[in-house]
1. Mind counting the residues in the range 70-99 that are touching a helix residue (DSSP H, G or I) at 6+ places or on another chain (Cβ under 6 Å) and in a helix (DSSP H, G or I)?
2. Residues in the range 159-206 that are in a strand (DSSP E or B) and in contact with a helix residue (DSSP H, G or I) (Cβ under 9 Å, 6 or more places away or on another chain): how many?
3. Counting just the residues of the range 215-240 that are without any contact (Cβ under 8 Å) to a residue 60 or more places away in the chain and hydrophobic (A, V, I, L, M, F, W, C), which one comes out farthest from residue 273 (Cα to Cα)?
4. Determine which single condition residue 278 fails, assuming it passes every other condition in (1) within 20 Å of residue 115 (Cβ to Cβ); (2) in contact with a strand residue (DSSP E or B) (Cβ under 6 Å, 6 or more places away or on another chain); (3) small (Gly, Ala, Ser).
5. If residue 12 passes every condition in (1) within 21 Å of residue 273 (Cβ to Cβ); (2) in contact (Cβ under 8 Å) with a residue 12 or more places away in the chain but one, which one does it miss?
6. As an exercise: evaluate residue 163 against (1) open to solvent by 40 Å² or more (accessible area, probe 1.4 Å); (2) at pLDDT 95 or above; (3) not small (Gly, Ala, Ser) and give the number of the one condition it does not meet.
7. Take residue 73 and tell me if it is in contact (Cβ under 8 Å) with a residue 12 or more places away in the chain, open to solvent by less than 40 Å² (accessible area, probe 1.4 Å) and closer than 18 Å to residue 17 by Cα.
8. Which numbered condition trips up residue 247, out of (1) in contact with a helix residue (DSSP H, G or I) (Cβ under 9 Å, 6 or more places away or on another chain); (2) open to solvent by less than 30 Å² (accessible area, probe 1.4 Å); (3) among the charged types (D, E, K, R); (4) over 29 Å from residue 9 (Cβ atoms)?
Amino acid sequence: MSERNGFLLCADPLRTSRTDPQFAGEVAAARAAGGRIALLDHDALLAGDAAGAVARVARDSGPYWYRGWMIPSGRYAELEAALGARGCTLLSGATGYRRAHELPGWYEEFGGLTPRSVWCALAPGVPPPSADELAGLAAPLGPGPGIVKDFVKSRKHEWHEACYVPELADRKQLAPVVGRFMELQGPFLAGGLVLRAFEPFVAGGEARVWWVDGDAVLVTAHPDTPGQVPVPELPSLRAAVGRLGLRWVTTDLALREDGVWRVVEVGDGQVSGLPAGAEARDLFAALAAAGER
């Protein structure tokens, strides 16, 4: 059997010589596929010590997929450099990770398949844009309800407080929601501010499709609704994933009330959550066997 790809997994913060128990099922799937396992100190990476974070990775031990907790794009670039210093590579490079992980990177390729969106770059800790600036940002979306998020995440669990805007064209509605969203995100604001047109979806949960080198190798529920697994239509989505040209991505899909499947989010598969009870053997088999490019 040819040499298999490795998997760089998060170490247990309490016992750094073993993998985080949260990913035990995925470790088993990776090993069953013949993949090598190496450990990353996720806390050290987020603290800025990329070299220390990969100290347990054997030198010149070949290419790796990362699989674990979310990493800000800048820290991921530091991870790539630190692994390179040890003679190792990531199969998803830092540029591709940012494109999949942050909405501005993938939005153009999914035009027409996802809600209309506008955005502006903002650093964590800066004041929210003024009401006039927000009105100008929202103007291309026209009147109607909308969603506030950053380049990676929304605060949908604070729906009326920091996520949903009943009327984007109403400055008195938009500004308070944006302000509260940015306040709650604080130092964790990722990339900047995104406004999206709201689209009504039917009940039944979202489907998460896992793509490896352009092939849909697994369809699961969304982690927020693990007991619901819709069956989406994929042909037009397959073309969009091909245009994006990234190696391991996820697409979250929901059925709009008019019967059209819509892309809610795209993500880097390395940091996308598997729902409870999902069978990951086929996914990790595809990842272990994927060629380096």
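1. 12
2. Taking the range 159-206 and keeping what is in a strand (DSSP E or B), we get 164-165, 192-197, 201.
Keeping just the survivors that are in contact with a helix residue (DSSP H, G or I) (Cβ under 9 Å, 6 or more places away or on another chain) gives 164-165, 192-197.
Residues meeting the conditions: 8.
3. Filtering first and then ranking leaves 239.
4. Against the list (1) within 20 Å of residue 115 (Cβ to Cβ); (2) in contact with a strand residue (DSSP E or B) (Cβ under 6 Å, 6 or more places away or on another chain); (3) small (Gly, Ala, Ser), residue 278 comes up short only on (1).
5. Answer for residue 12: the failing condition is (2).
6. Evaluating residue 163 over (1) open to solvent by 40 Å² or more (accessible area, probe 1.4 Å); (2) at pLDDT 95 or above; (3) not small (Gly, Ala, Ser) leaves (1) as the failure.
7. When the stated conditions are applied, residue 73 does not pass them.
8. Among (1) in contact with a helix residue (DSSP H, G or I) (Cβ under 9 Å, 6 or more places away or on another chain); (2) open to solvent by less than 30 Å² (accessible area, probe 1.4 Å); (3) among the charged types (D, E, K, R); (4) over 29 Å from residue 9 (Cβ atoms), residue 247 violates only (4).
The values are calculated or read from the model by the stated rules, or taken from the named source; none is laboratory data. Source: prediction; values computed, not measured. Here the Cβ is made from the backbone with ideal geometry for all residues, glycine too, and neighbour counts use every protein chain on show. Calculation scope for accessible area: heavy atoms of the full protein, side chains included, ligands and nucleic acids excluded. Shrake-Rupley method; radii C 1.70, N 1.55, O 1.52, S 1.80 Å.
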